[in-house]
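One structure is given below, encoded as structure tokens.
The values are calculated or read from the model by the stated rules, or taken from the named source; none is laboratory data. Given the structure is predicted, the values throughout are model-derived calculations rather than measurements. A quick note on method: Cβ atoms are made from the backbone with ideal geometry, for glycine too, and the neighbour counts reach across all protein chains shown.
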Amino acid sequence: MDDTLGRLLLTVAGVLHRGIASKQAVKGWKLRRNEVLRAAHRRGVPVEVLASRLGLTQSWVRYVIKNPKKAAIEEAA
């Protein structure tokens, strides 16, 4: 069950990631994307799959998972 929910959360994270449209919305959308990304990871989706589906590097995904506040500050800059 966790794997299925994790994959659903990954799909939501992908939609959020691709749905960023304006510079004003970037920060909020990325924060939401990162929240969903972390939730998917907690549900068992591996970093490799998260990175692949979102078009991000594995190192960045690991950073977002381990340091959500620092990642948010760096993405906003």
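So here's what we get for this one:
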{"item": "Region 35-77, residues that are part of a loop (DSSP other than H, G, I, E, B) and either over 20 Å from V12 (Cα atoms) or of a type in the set (G, A, S) (or both)", "result": "G44, G55, N67, A77"}
{"item": "Which numbered condition K23 fails, given (1) over 11 Å from the mean Cα position of the chain (by Cα); (2) modelled with pLDDT of 85 or more", "result": "(2)"}
{"item": "Residue that is nearest to the chain's Cα centre (by Cα) [pool: residues in region 52-75 that are in contact (Cβ under 8 Å) with a residue 40 or more places away in the chain and within 13 Å of H41 (Cβ to Cβ)]", "result": "L54"}
{"item": "Only one of G28, G14 that is modelled with pLDDT under 90, surrounded by 14 or more Cβ atoms within 10 Å (Cβ to Cβ) and small (G, A, S)", "result": "G14"}
